[in-house]
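So the structure is just underneath, and the comments pick up after that.
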């Protein structure tokens, strides 16, 4: 699969690749209940934004796959299932995130884009962690 989202000259596909990697890392590294809650919430919001963007692109060949995956992620990580989210479901979501991130961007390109995003985030002096700032950025883009 090769997905490319460019809106108003901005590479949303690259932002999504970095967001998907961040979501996978949050799930894999969650050690406490609070970290798990943050990881689940982040991934639910991220996939909701992906679903919204896919629905707004009727000509996209991968649209149904992305919408279906977003719905599947939502059913596995539903907040009402917390705190008993199955570790296998978290592993599936982390794996799906990494696979789609790889489809969206080659590793070297993603690393350069991640560095540019981190520099932009650091330059704005926002009170959020990088992941939250990136998710807000993606959600604003999905609302356009």
- Query: Is there a residue in segment 76-88 that is surrounded by fewer than 22 Cβ atoms within 10 Å (Cβ to Cβ) and either in contact (Cβ under 8 Å) with a residue 60 or more places away in the chain or under 16 Å from residue 135 (Cα atoms) (or both)?
  - Reply: no
- Among 117, 100, 44, 20, which is the only one that is crowded, with 17+ Cβ neighbours inside 10 Å, more than 19 Å from residue 140 (Cα to Cα) and out of contact with any strand residue (DSSP E or B) (no Cβ under 6 Å at 6 or more places or on another chain)? 100
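Each value in this text was obtained by applying a stated rule to the coordinates, not by laboratory testing. These numbers were taken from a predicted model, which means no experiment stands behind them. Quick reminder, even Gly has a Cβ in these numbers, built from the backbone with ideal geometry, and neighbours come from all protein chains shown.
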